[in-house]
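Notes follow once the structure below has been shown.
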Amino acid sequence: MERHDLYRPIHKALRLLMVDTLTKFGALDTRDEAALSAALEQLDTLLGVCRVHMDHENTHVHTAMEAASAGASLQAAQEHRQHRREIDDLAGDQRALRSAAASERTRLAQQIYRHLARFVADNLLHMAHEEKTHNALLWARYGDDQLRQIEAAIVADTEPTTMQSVLRWMLPALNAQERFELLAGMRQQMPETGFDQVLRLSRAVLPTPAWAALARRLAVPPEPGLVAA
Ligand SMILES: [Fe+2]
């Protein structure tokens, strides 16, 4: 019987957001103003989502781990402090590029690319540690219902704008079954207007075949105004 993994969806979203942002900076033509501001905007989203995610883990997940086994979250908590310093440095890099003269932009974009590559590498290892070691403890000491309660507390503690940013990257990062289960769950818990917004976001960010498959399973029309098949 597969256990509930509270890291899986958010870590999938973070991995996609990190790798996509890194790739965008590697390929960035800094003379293209629209591409430059989109890359800076995406980096801003990444740094903001990482900050919130670490706070949520510290507050909601590490507390549960410490209650089960004192000291169990120490390594991850220490890595979070290091990541926060790296995020502050990247935010400084970002401000420098945003206000740089045209002649300095390529050098500064390459600097972000190199710093971000190290940050992503650290985070990939960190998330693997959490998924293996933290889950082993959480699964030994808590039931799936309790883990779902922790997850619900994290969702309740998330600002709508952050939730929107997370969903924008979580939706394409999940596989078809996980995506369907996420939306089916949201449909039960959200007012209809809120869920309509989630559907519009899904349609905008998913490749067409993935959106069509999701719409079919949710029995919603694939195009606005059409009737579900
Ligand atoms: Fe973490």
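Each row is one residue, and each column tells you yes or no for (1) aliphatic (A, V, I, L, M); (2) assigned by TED's automatic domain parsing to the domain that holds Q149; (3) under 19 Å from A136 (Cα atoms).
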residue	(1), (2), (3)
T30	no, yes, no
L46	yes, yes, no
V49	yes, yes, no
H53	no, yes, no
N58	no, yes, yes
A64	yes, yes, yes
A68	yes, yes, yes
Q78	no, yes, no
Q82	no, yes, no
Original post:
Does segment 46-64 contain any residue that is under 30 Å from M1 (Cβ atoms), within 16 Å of the ligand (Cβ to nearest atom), touching a residue at least 60 places away in the same chain (Cβ under 8 Å) and among the acidic types (D, E)?
Top reply: yes
**OP:** Give segment 113-161 a look and list any residue that's of a type in the set (F, W, Y) and part of a helix (DSSP H, G or I), or say none.
**Re:** Y113, F119, W139
**OP:** Kindly indicate whether any position in segment 16-24 is farther than 23 Å from R85 by Cα and either touching a residue at least 40 places away in the same chain (Cβ under 8 Å) or out of contact with any Cys (no Cβ under 7 Å at 6 or more places or on another chain) (or both).
**Re:** no
Original post:
Among the listed residues R118, R148, which satisfies the condition of being under 24 Å from T23 (Cα atoms), loosely packed, with under 15 Cβ neighbours inside 10 Å and outside the structural domain of Q189 (by TED's automatic domain parsing)?
Top reply: R118
Original post:
Considering only segment 169-183, how many residues are in contact (Cβ under 8 Å) with a residue 40 or more places away in the chain, closer than 18 Å to L17 by Cα and assigned to a helix (DSSP H, G or I)?
Top reply: 5
Original post:
Does Q110 qualify as being away from the ligand (no atom under 12 Å from the Cβ) and polar (S, T, N, Q)?
Top reply: yes
**OP:** Pick out the one residue from A76, A109, A91, A102 that is aliphatic (A, V, I, L, M) and exposed (fewer than 14 other Cβ atoms within 10 Å of the Cβ).
**Re:** A102
Subject >> The lone exception for V205 - which of (1) within 18 Å of the chain's Cα centre (by Cα); (2) within 29 Å of M65 (Cβ to Cβ) it fails >> reply: (2)
Original post:
Here are A215, A219: which of them is surrounded by 15 or more Cβ atoms within 10 Å (Cβ to Cβ) and free of Cβ contacts under 8 Å to residues at least 40 places away in the same chain?
Top reply: A215
Subject >> Selection status of T30, touching a helix residue (DSSP H, G or I) at 6+ places or on another chain (Cβ under 6 Å) and part of a helix (DSSP H, G or I) >> reply: no
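The values are calculated or read from the model by the stated rules, or taken from the named source; none is laboratory data. Since we're looking at a predicted model, the values are computed, not measured. Counting neighbours? That spans all protein chains shown, and the Cβs are built from the backbone with ideal geometry, glycine included.
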